[in-house]
Amino acid sequence: MSRRAAVVVVAGALLAVVALVVGSLVRPGRDAPAPSPSPSASPSTSEPSAPPVVLAAATPEPVDPSAPAVADVLGPVAADPRLGGRVGVAVVDLSSGALAYRLEDGRGQTPASTLKVLTAVAVLQAVGPQTRFSTRAVLTPDGGTVVLVGGGDPLLTADPDPSGVPEPTPLPDLATVTADALRAAGAGPVRVAVDDRFFSGPAVDPDWEPGYVGAGVVSPVSALAVDGGRASPRAVGRSPDPAVAAGQAFARLLATSGVAVEGGVERVPVPRGSSQLGVVRSAPLDSVVEYVLATSDNDAAEVLGRHAAFVTGRPASESGASEALTAVLAGLGLDVTGAELRDASGLARGSSVPPRLLADALALAASPDHPRLRSAVTGLPVAGFTGTLDSRFDDEAALAGAGGVRAKTGTLTGVGSLAGVVTAETGTTYAFAVLADAVPPGGTAGAREALDAVAATLSACGCAPAAARGGP
C-alpha cells in the first residue's frame, strides 16, 4: 500500500476536525463597498440562502498535566541547522487561546508566501466572503467602441477549457453575450478598448526583485487581466500590459462570435452615456481565497490586496493595499507590532511578520466566533495531498504529519516558512507558524524537510495543553 493510501483515512479525519473547529457558518452581511470612483465594475454581494449553522468545537481528550510541554517537544526540531540561524516559531492552543510555544524575540521575519494568510484574513474581513467581482462590456454612445471594464477579477480566463482553477470566470461567455447584444442592437463594425482605472499606482511593486515579472513569477498588477496576465492561458511568460492583452483576447473572441472588429486595442475611460452589453462575475471571495491559499497564486493575492484597499477607502495601489491589510488585521484585535507588509503576496523581501501574528491570525480564522474568516483555514493545503503541500511530508521525519497538517507554504531564496493548523494525537488543535529567513545557500530543499518535521512533530505531540501549564 502506498504512503498516501495508508493515510487517506487520516486526511478525512482531519477535514472533519477542521470543520468542527471552524464551523460551517458563513455570516450573512451587507459587504457592498462604497461607490467606485470610476466606471470600473465594482464588487457585488449575495446573501446565503439558508440560515447559518454553527457546529460545536472539537473537545480535546484529558491530558496528564505532567506530560511534556510543546516547547520540550518542538525545541529540538526547531533547532535543525538546515533552518539556519534565525528561526521563529509560535504555537497557539485553539482550545484555550493560550500561547503553547514561542521561539522568537517579537521582531518580524521575512514571511515569504505565508504572508498570504494575512492577506486572506484581512480581505475576508474587509470585503466579505460572499463578494463577487464583475467584468463588464459596455458600448460607447456613438455605437462604435466596445469597452472591456476591469473590476479586479483575479480568476478571469480566456481559456475555453480551463483547468487547475476550480471556479474560473470565463471571458468567452462575456464575448458571446456581448456579440448577441451587438447583433440585437444592429451595431456595425466596432473597435475594442479597455478601462482598467479601478487600480492605481505602479503595476510592478518596487519592492519586488527586478526579474520576477520577466521570469513569470508574477504579472504586473491590473484590474483587468486574463489568466494571471499570461501571454496565453498556459504560458509562463507575462504580458507587460495585462489590460491591453485582455482586450486583445476579447477582440479575438468577439471576432470568433461573428462580430466585425476593427483596429487595435486602446485604453480609454468609459464615456458617460455608455450602455452595458454584458457582465460576468467571479466566484464568491471565499472560494477565491481558498484557491489562492491552495496554489499560492501571487497575481490573485495582489489583486485581493487592492480590493482590501478600495473598500477601506484607500487608493487601490500597492501602498494602499499594504496599509489596508495592516489596519484591518489590527482592527480584528491582532497585535501587528513589528509587522511591515510590503505587498500582498509575500514576494517582497522587505516584508516583516512576527510568527505570533501568523499563528494568532489562523487561530482567529479557526474560531467559530469569526465565521467570516473561515476560508482562510479551509483553503490551506493538506500535507502530502493537496496544493503546494502535495509532494511534501514524504520523508520519515515528517510522515506523521501527512494528512494531519493543513498549512500555507512560503519559499524565497534563503527563506522558508510554514503556517497552519494541526490536530495533535491528544485531540488538541493548534495554530502554528515557523519562519526561517537565514536558510543556508542552496538549502531550500533541506529547509522544507525541516519545516515539515516541525509541523509533523506537533501533529504527533502528546503534550499537555498550554492552559494546563499556564502557557509556554
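Results, tabulated for the structure shown:
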quantity: Segment 196-233 versus segment 157-173: alpha-carbon centroid distance in Å; calculated: 19 Å
quantity: Efficiency of FRET between Glu340 and Ala185 - r from beta-carbon atoms, R0 51 angstrom, step 0.05; calculated: 0.50
quantity: Apportionment of accessible area to carbon and sulfur, segment 147-212, percent (1.4 Å); calculated: 55 percent
quantity: Most positive-pole-ward Cα, Gly128, Pro141, Gly108, against dipole of segment 105-175 from beta carbon charges; calculated: Gly108
quantity: Quarter of Cα convex hull surface for segment 201-317, i.e. mean projection, nm²; calculated: 9.3 nm²
quantity: Solvent accessible area, Å² - Arg132, 1.4 Å probe, full protein context; calculated: 80 Å²
quantity: Zero-based 10 Å bins, Cα pair distances in segment 284-352, whole percents; calculated: 22, 51, 27, 0
quantity: DSSP-assigned coil residues among trypsin sites (Lys or Arg not before Pro) in segment 172-234, each with at most 12 further Cβ atoms within 10 Å; calculated: Arg234
quantity: Protein-only accessible surface order, largest first, of Asp394, Asp142, Asp299 at 1.4 Å; calculated: Asp142, Asp394, Asp299
quantity: Accessible surface, per residue, of segment 231-335 when the full set of protein chains is kept, probe 1.4 Å, Å²; calculated: 40 Å²
quantity: 5 Å-binned pair-distance histogram of segment 313-451 (Cα, whole percent); calculated: 2, 9, 17, 21, 21, 15, 10, 4, 1, 0
quantity: Share of carbon and sulfur in the accessible heavy-atom surface of segment 331-465 [1.4 Å probe, %]; calculated: 49 percent
quantity: With every protein chain in place, segment 232-311: carbon and sulfur % of accessible area (1.4 Å); calculated: 50 percent
quantity: Chymotrypsin sites (Phe, Trp or Tyr not before Pro) restricted to DSSP loop in segment 125-230 with at most 13 other C-beta within 10 Å; calculated: none
quantity: Convex hull per residue volume in Å³, alpha carbons only, for segment 357-405; calculated: 81 Å³
quantity: Space enclosed by the convex hull of the alpha-carbon atoms of segment 252-330, per residue, Å³; calculated: 177 Å³
quantity: Rule-of-thumb Rg ratio for segment 249-399 [Cα; 2.2 N^0.38 Å; N residues]; calculated: 1.36
quantity: Radius of gyration and maximum dimension Dmax of segment 57-213, Cα, Å; calculated: 25.6, 82
quantity: Spatial separation of Cα centroids for segment 327-360 and segment 238-263, in angstrom; calculated: 39 Å
quantity: Accessible area in square angstrom per residue, segment 131-218, 1.4 angstrom probe; calculated: 39 Å²
quantity: Two-decimal ratio, segment 131-279, of alpha-carbon radius of gyration to 2.2 N^0.38 Å; calculated: 1.03
quantity: Efficiency of FRET from Cβ geometry, Arg86 and Thr176, R₀ 45 Å, rounded to 0.05; calculated: 0.25
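The values are calculated or read from the model by the stated rules, or taken from the named source; none is laboratory data. Predicted, not measured: the structure shown is a model, and the values here were computed from it. Counting neighbours? That spans all protein chains shown, and the Cβs are built from the backbone with ideal geometry, glycine included. Calculation scope for accessible area: heavy atoms of the full protein, side chains included, ligands and nucleic acids excluded. Shrake-Rupley method; radii C 1.70, N 1.55, O 1.52, S 1.80 Å.
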